[in-house]
1. Where does helix 44-66 land angle-wise versus the long Cα axis of the chain, in degrees 0 to 90, nearest 10?
2. Using Cα atoms only, what is the angle between the long axis of helix 111-122 and the major principal axis of the chain, expressed in degrees (0 to 90) to the nearest 10?
3. Once the dipole of segment 129-224 is set up with Lys and Arg at +1 and Asp and Glu at -1 on Cβ about the Cα centre, which of THR196, ASN220, THR157 lies farthest towards its positive end?
4. Ranked from highest to lowest mean number of other Cβ atoms within 10 Å per residue, what is the order of the peptides 196-206, 223-233?
5. Given the alpha-carbon gyration tensor of segment 28-146, what are the semi-axes of its equivalent ellipsoid in whole angstrom, ordered largest first, with each equal to the square root of 5 times an eigenvalue?
6. Take every DSSP beta bridge with both residues inside the chain and express the antiparallel ones as a percent of the total, to the nearest 5.
7. Could you give the dipole magnitude of the chain about its Cα centre, charging the beta-carbon of Lys and Arg +1 and that of Asp and Glu -1, in debye to the nearest 20?
8. Rounding to the nearest 20 debye, state how big the charge dipole of segment 203-292 is about its Cα centre with +1 on each Lys and Arg Cβ and -1 on each Asp and Glu Cβ.
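Bear in mind these aren't lab numbers, they're just calculated from the coordinates by the rules spelled out. None of the values given here were measured: they were computed from a predicted structure. Cβ atoms come from the backbone with ideal geometry, glycine included; neighbour counts cover every protein chain shown.
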Amino acid sequence: MNILAIETSCDETGVAITRNGREILANEVFSQADLHALYGGVVPEIASRNHIIVLTKLMESALSKADLTKADLEAIAVTYAPGLIGALLVGVNFAKSMAYALGIPLIPVHHIRGHIAANYIAYPELKPPFLCLVVSGGHSQLVDVRDYTDMSIIGATRDDAAGECFDKVARVLGLGYPGGKALDDLAQGGDDKAYTLPRSTIDGHPLDMSFSGLKTAVLNLIHNADQKGETLDRKGLAASFAAAISDTLVPRTMQAAAEQNYKHIAVAGGVAANSRIRRDLESAAKDADCTLYLPPLFLCGDNAAMIACQAYFEPKPGLLDNLDLNAYATKPL
Ligand SMILES: Nc1ncnc2c1ncn2[C@@H]1O[C@H](COP(=O)(O)OP(=O)(O)OP(=O)(O)O)[C@@H](O)[C@H]1O
Ligand SMILES: [Mg+2]
């Protein structure tokens, strides 16, 4: 089954085609990061406008790379939640028009389900149930994936997402936007004990997390050093910060897997690209005799291949079922 998927939930425009869910035939991603970097973060209106500008070209390019015509498509999938509402609406309306014009079904996909599904592409043998750590720009969650479309959150951040935290610290260090990757690069070779940073816990909720205290501690540290004219150990700070995030995520992931009796652990979302988190997860999974699924970097950040993959596992709608589909800024998993 050839599914063409559209992803426009934030500042990446994605169009992809997969065959039978797990095989990528084309995966076109246009990142608008440079357009938003000027403002230090995503400007929703600019994101929506640029999705409109590039979508048709990306769709044509995806079909050409997959060596298919529109007549070969059997369904259109689209991210309909959660995300920037204007940006989502561009994708939803584009997908609706395509599905209606081609006379094929429209499959709505939840963005976070898509991030999780990136693992099915990377690991053809992976099947639920498993535990998934979702760490992205807007989410930090431990998800009990009981089946392809049956999952629940068993632990989550109470405030900032890990990616948000990486981006804010990176911005104050002058590393640009989005800064997660730059902060990761800066941390290479740095002393992860150079600075003592907090690791928050939530009383009575051991699987929940909080990153706002860590973020504030790092921002205060940078501003204080600046005011006193002290030289920061930037590499050490980046490494200490990555260690604090990893020390929050990794033990909770292992505890959640143990509580659910899972020996299979997957990771999803843009922050899953972080080298410290990947290294710590690999070593913790080895110690616990668990199999770890880490998607390759191109499937960690936003892309439409993961949306097409998840669509394959969602219930197949009738031809006219979703033509009244709306977009939602937030939506439960
Ligand atoms: N190597 C890295 N280390 C840490 N963070 C990283 C790395 N690479 C990317 N990131 C972060 O990943 C985030 C982007 O991930 P993703 O595209 O999944 O998020 P999003 O789509 O904006 O949010 P969500 O999926 O929650 O809606 C950014 O915060 C970015 O800084
Ligand atoms: Mg995302």
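1. 60
2. Tilt of helix 111-122: around 90 degrees.
3. Final value for the positive-end residue is ASN220.
4. Result, highest mean first: 196-206, 223-233.
5. Rounded to whole Å, the semi-axes are 24, 23, 14.
6. Percent antiparallel among DSSP bridges in the chain is about 60.
7. 100
8. In debye, rounded to 20, segment 203-292 gives about 300.
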